[in-house]
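Heads up: the structure comes next, in structure tokens.
The values are calculated or read from the model by the stated rules, or taken from the named source; none is laboratory data. Everything quoted here is computed from the prediction, not taken from an experiment. Every residue, glycine among them, receives a Cβ derived from its backbone with ideal geometry; neighbour counts consider all protein chains shown. These area figures cover heavy atoms from the full protein model, side chains too; ligands, DNA and RNA do not enter into them. Shrake-Rupley method; radii C 1.70, N 1.55, O 1.52, S 1.80 Å.
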Amino acid sequence: MLGSLLEHMGAALRPTGLCELCALPSRQTLCEPCTGQYLSGAEPRCSHCGLALPAGNFICGACLRSPPPYIQTLTLGDYGVPIDRLIQRLKFGDEPAIGRWLGQRLAARWQAAGHPRPGLVLPIPLSSVRLQQRGYNQAWEMARSFARELRVTARSDVLVRVREMPPQSSLPLALRTKNVRGVFAAPGPCKAQDVVLIDDVMTTGSTLGEAASVLLRAGAAAVRVAVALRTPPSG
Ligand SMILES: [Zn+2]
Ligand SMILES: [Zn+2]
């Protein structure tokens, strides 16, 4: 109990810390100005896939033509320079606390947007090789912190990887949908649940789309997505 409380506080407060982006003193992972500039998610965005849109638009052309299996995407902002550094630190810098902080930010945004309280929060599972190298799944760090803030359940055993694949980032965008086919299974209970899927970055949405399809086939009532950052189309 005390351990989890301290861990929780550690994710939120960095008493002697510096902002991960601008290196000014900050009690949070990012200082307020950097958070406002890079993680405000303020642009109008496609409600389905989180893509930034010109003012007055609510859904992007791609989602109009072919709606993804998830019904909603919440994001904190666009993936790009310099905020990509934060994700690099989260994934390759042995800093799982960044994930817990991002989970808290996502939960705050989720509540502020008035989104429904989910029944189940699930991370995109990491490949076993990368889990072994990294020592933690950054999406799980985000998911359990997100769920704790909303006082709902997070589980890492409901959606699992059943096949290894080349990293999505190593492939051209056009090949990514095919690459993730058959990668996931949903052996855990998700029937009739409103699920939120958590990941650090959404690029094409192929991975999240495949995971959502698997969960829906397993009986989930609906799947929503919460990602720290969304890659703009040109990126
Ligand atoms: Zn800063
Ligand atoms: Zn869209």
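With respect to the conditions (1) under 22 Å from Thr73 (Cα atoms); (2) touching a Pro at 6+ places or on another chain (Cβ under 9 Å), Val180 falls short on a single one, namely (2). When segment 158-200 is limited to residues that are basic (Lys, Arg) and part of a loop (DSSP other than H, G, I, E, B), the one that is farthest from Gln138 (Cα to Cα) turns out to be Lys191. The set of residues from segment 14-54 being of a type in the set (A, V, I, L, M) and within 16 Å of ligand 2 (Cβ to nearest atom) comprises Leu51, Ala52, Leu53.
When restricted to residues that are closer than 22 Å to Val81 by Cβ and among the small types (Gly, Ala, Ser), segment 168-206 contains 3.
Against the test of being within 19 Å of Leu131 (Cβ to Cβ) and either surrounded by fewer than 18 Cβ atoms within 10 Å (Cβ to Cβ) or under 19 Å from the mean Cα position of the chain (by Cα) (or both), the options Val223, Val160, Val195, Val152 yield a single qualifying residue, Val160.
Answer yes or no: is there a residue in segment 167-176 that is basic (Lys, Arg), open to solvent by 80 Å² or more (accessible area, probe 1.4 Å) and farther than 16 Å from Ala226 by Cα. No, that holds for no residue. Residues of segment 27-51 being in contact with a Ser or Thr (Cβ under 9 Å, 6 or more places away or on another chain), of a type in the set (S, T, N, Q) and in a loop (DSSP other than H, G, I, E, B), which ones? Correct list: Gln28, Thr29, Ser47.
Across segment 15-47, what is the number of residues that are open to solvent by 40 Å² or more (accessible area, probe 1.4 Å), over 15 Å from Gly77 (Cβ atoms) and free of Cβ contacts under 8 Å to residues at least 40 places away in the same chain? Final tally of qualifying residues: 9. Taken together, the residues in segment 129-150 that are farther than 19 Å from Ala228 by Cα, among the polar types (S, T, N, Q) and in contact (Cβ under 8 Å) with a residue 40 or more places away in the chain amount to 0.
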